[in-house]
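K.L.:
The following block contains the structure, expressed as structure tokens.
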Amino acid sequence: MSIRHPLRALTAATALLLAAACSSNAGGSSASGGFAPPKISAQKSLGAGEGTVNIVAWAGYVEYGQDSKTVDWVTPFTQQTGCKVNLKVAGTSDEMVALMKTGQYDTVSASGDATLRLIAGGDVAPVNTALVPNYADIYPGLKNQPWNSVNGVPYGIPHGRGANLLMYNTDKVTPAPTSWGSVFAADSPYAGHVTAYDSPIYIADAALYLMRTEPDLGIKNPYALTKPQLDAAVALLKVQKKQIGSYWSDYTKEQAAFDSGDDLIGTTWEVIQQAVAGDGKVKTQAILPTEGSTGWSDTWMISAHAQHPDCAYQWMNYIVSPAVNAQVAEYFGEAPANSKACGQITDNPNFCTDYHATDESWWKNVYYWTTPTAQCADGSGRGDCTTYAQWVTAWNEIKS
Amino acid sequence: MSAPAAARTPVRRLAGVLHRHPGLRLAALLSAPMTWLALAYLGSLAVLLLSAFWTTNEFTSSIEYRWTTANFLAVLTDPQYRTVALRTLGIAVSVTLIDAVIALPMAFHIARVAGPSSRRLLLVAVLTPLWAGYLVKAYAWWVMLSHGGILDWITAPFGGHSPGFGVPAVVMVLAYLWLPYMVLPLCTAFGQLPDSLLDASADLGAGPWRTFRSVVLPLARPALIAGSVFTFSLSLGDYLTVQIVGGTTSMLGNVIASNVTLNLPLAAAVSCVPVLLIVGYLLAVRRTGALDNL
């Protein structure tokens, strides 16, 4: 029958289509581990804005009045530059990496566990800091760090840093917790009302707790775990899972669960605690436990495939300008990156002291998110550490 | 007459050609839907299957086009996937059974017991939830199930409390979401049931239960199976409900979703599990002959 011919033609067409789909991206692979970033050159000069900029950011970083009418630094930016801002909020670093791989976004507020992956993947371009005048005022301690530069070439503009804190419902949780032990204990009085961050990087929180409480394991850095150390952290997280009510990766999910009383204690970002306080339904507090905590140092990076690079550069310069950086830092609850930002904080004169903006010794207790690699991050020079891929498998196993 | 002139127009000539070549006629008729089926539907499935054989860079999670069967091996040998697959299967089967048990009396009442006007009202009542968004309904259940929510409030006088978030909550919410898909085919089947058969059964001395078992149920079986295809496959692929009311539970959909960002090939390999489960279910259904009447 003649029907066989169209079918054969269709098969051939499908095969052609598949071949095209396969070959279109084939240049993207790159080396892993101690890596050499793909050769991408930084932008040389700035043109007039393209009228739009597409941003991937953490919740609370790009506010146009969506959460609170009075919190808005996007509208002045659009008025000044003519660049309309399209925002995509990401809940985890993994989501950010995936979004940047699509090539549809111009700039991203990446944490230290995403930056190197983005650089190595050729997803972001080096930054010409001469095009960002406010870069001069960034704290020197944040410039050219291992998470935002490669071989002295800057790949982003530091934005601010903060710690992952322990939030609890002050009416229900007594006595007030002082240690991460209250979320890792096997027989928590708050079983079913404990929450945790839903991302493989949360393994570091367990590792940090073990580093302080079980010195025999020999953990020196929560992001440099050998296989036995990772197994110990996984075992602890499996114990924790029995106490967990639900995990959160979307910050509104934690906000709603604390508001309703379903969650009573767990890891948080300062901005979520602010939001819960703003809702006024329950009383909460966020503390830095005695063990210290994990944290993040965020960097604005520019996509290697940016379709609106000029607007993206203008955004990077705007968001770290003293007044705006102060506004973001105060709203999000983090230490600003611009040294002049502290002078611009309006509500709380002690803000920069409270958030330890310049107190480097305080930050020694905060372990910034870093992508775990076989090359141990603890400076020992060993190469037998578990990689992020192993962490992902371990996290899936904990959650299964 | 103008008929001979009309015979020479291109349209008439084409009609003539098509009339003489039935194969060509068939090809012209089928080419558009077949293209859609092959490219959009089977094509995307083929891409899915193909991408499961690739690998990712461990560090950058970029896809590398190197042929490997490691993803399938991991899915087959790693116990975590078996646990999740069995849990998902269990949830899908429970949802299907619960929906069948609720929908059978409901549909029978609507189709055979209720009067014409209340029948219309009841059908509208069954269909109304389909007008509300899926997420709205799931979040409504989140509110009901949550601490101090409506379920706590109702059960408190009896010393009970809300089941909280977990597998029971997921089964409840999914059973609620997919119930209309089970009720509607059953309603149609019961509506078409000839009165004479029920009368004959009663005349022969069968009680209501015996009539239901020996007459009604066998005739409604194709509809029951059609409904179960909906409830089973929709539950098997769900991942949002479990994220909202599942607590720490994860289903196949969550495993796929969490791997899509980091390890697309592994996610593709895991996706083959629900596809195979559905195909297996459909083949089993076909063996019962229920699909012959559709």
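The values are calculated or read from the model by the stated rules, or taken from the named source; none is laboratory data. Bear in mind that the values here come from a model prediction, so they are computed numbers and not experimental data. Don't worry about glycine lacking a Cβ; one is built from the backbone with ideal geometry, like all the others, and counts go over all protein chains shown. Note: areas computed on protein heavy atoms with side chains; ligands, DNA, RNA excluded. Shrake-Rupley method; radii C 1.70, N 1.55, O 1.52, S 1.80 Å.
K.L.:
I'm trying to understand the selection: among the residues of the stretch A:241-259, which are open to solvent by less than 30 Å² (accessible area, probe 1.4 Å) and at the interface with chain B (Cβ under 10 Å from one of its Cβ atoms)?
P.N.:
The answer is A:Gln243, A:Ile244, A:Gly245, A:Ser246, A:Tyr247, A:Ala257, A:Asp259.
K.L.:
Could you tell me which numbered condition A:Ser361 fails, if it satisfies all but one of (1) outside any loop (DSSP other than H, G, I, E, B); (2) at pLDDT 85 or above?
P.N.:
(2)
K.L.:
Can you name the residue in the stretch A:341-383 that is of a type in the set (S, T, N, Q) and touching a residue at least 60 places away in the same chain (Cβ under 8 Å) and is also nearest to A:Ser321 (Cα to Cα) among such residues?
P.N.:
A:Thr358
K.L.:
Return the only residue of A:Asn134, A:Asn148 being away from every other protein chain (no Cβ under 13 Å), open to solvent by 10 Å² or more (accessible area, probe 1.4 Å), in contact with a helix residue (DSSP H, G or I) (Cβ under 8 Å, 6 or more places away or on another chain) and within 21 Å of A:Val53 (Cβ to Cβ).
P.N.:
A:Asn134
K.L.:
In this structure, is B:Asn263 touching a strand residue (DSSP E or B) at 6+ places or on another chain (Cβ under 7 Å) and either charged (D, E, K, R) or under 29 Å from A:Ala114 (Cβ atoms) (or both)?
P.N.:
Yes: the conditions hold for B:Asn263.
K.L.:
Related question: Give me the pairs, please: first residue somewhere in the stretch B:62-82 and more than 12 Å from every other protein chain (Cβ to nearest Cβ), second residue anywhere and of a type in the set (D, E, K, R) and not in a loop (DSSP other than H, G, I, E, B), beta-carbon distance under 9 Å, and either six or more positions apart or on two chains.
P.N.:
B:Leu76/B:Arg82
K.L.:
Also, I was wondering about something else. Would you mind finding the one in A:Gly141, A:Gly160 that is modelled with pLDDT under 95, touching an Asp or Glu at 6+ places or on another chain (Cβ under 9 Å) and open to solvent by less than 10 Å² (accessible area, probe 1.4 Å)?
P.N.:
When all the criteria are applied, what remains is A:Gly160.
K.L.:
Give me a count of the residues in the stretch B:145-167 that are within 16 Å of B:Val245 (Cβ to Cβ) and open to solvent by 60 Å² or more (accessible area, probe 1.4 Å).
P.N.:
5
K.L.:
Still on this structure: Determine if the stretch B:115-132 includes at least one residue that is touching a helix residue (DSSP H, G or I) at 6+ places or on another chain (Cβ under 8 Å), exposed (fewer than 13 other Cβ atoms within 10 Å of the Cβ) and within 14 Å of another protein chain (Cβ to nearest Cβ).
P.N.:
no
K.L.:
Going by the conditions given, is A:Val62 open to solvent by less than 10 Å² (accessible area, probe 1.4 Å), assigned by TED's automatic domain parsing to the domain that holds A:Gly156 and either among the polar types (S, T, N, Q) or under 16 Å from A:Cys311 (Cα atoms) (or both)?
P.N.:
Yes; evaluated as a whole, the condition is true for this residue.
K.L.:
Which of the helices (runs of 4 or more DSSP H) contained wholly in the stretch A:201-295 include at least 2 residues that are modelled with pLDDT under 90?
P.N.:
Passing ranges, in order: A:251-260, A:270-279.
K.L.:
Quick check on my filter: what residues within the stretch A:182-209 are surrounded by fewer than 22 Cβ atoms within 10 Å (Cβ to Cβ) and either without any contact (Cβ under 8 Å) to a residue 40 or more places away in the chain or among the β-branched types (Val, Ile, Thr) (or both)?
P.N.:
Once the filter is applied, which keeps residues that are surrounded by fewer than 22 Cβ atoms within 10 Å (Cβ to Cβ) and either without any contact (Cβ under 8 Å) to a residue 40 or more places away in the chain or among the β-branched types (Val, Ile, Thr) (or both), the stretch A:182-209 yields A:Asp187, A:Pro189.
K.L.:
Please work out if B:Ser196 is open to solvent by 40 Å² or more (accessible area, probe 1.4 Å), small (Gly, Ala, Ser) and at pLDDT 90 or above.
P.N.:
yes
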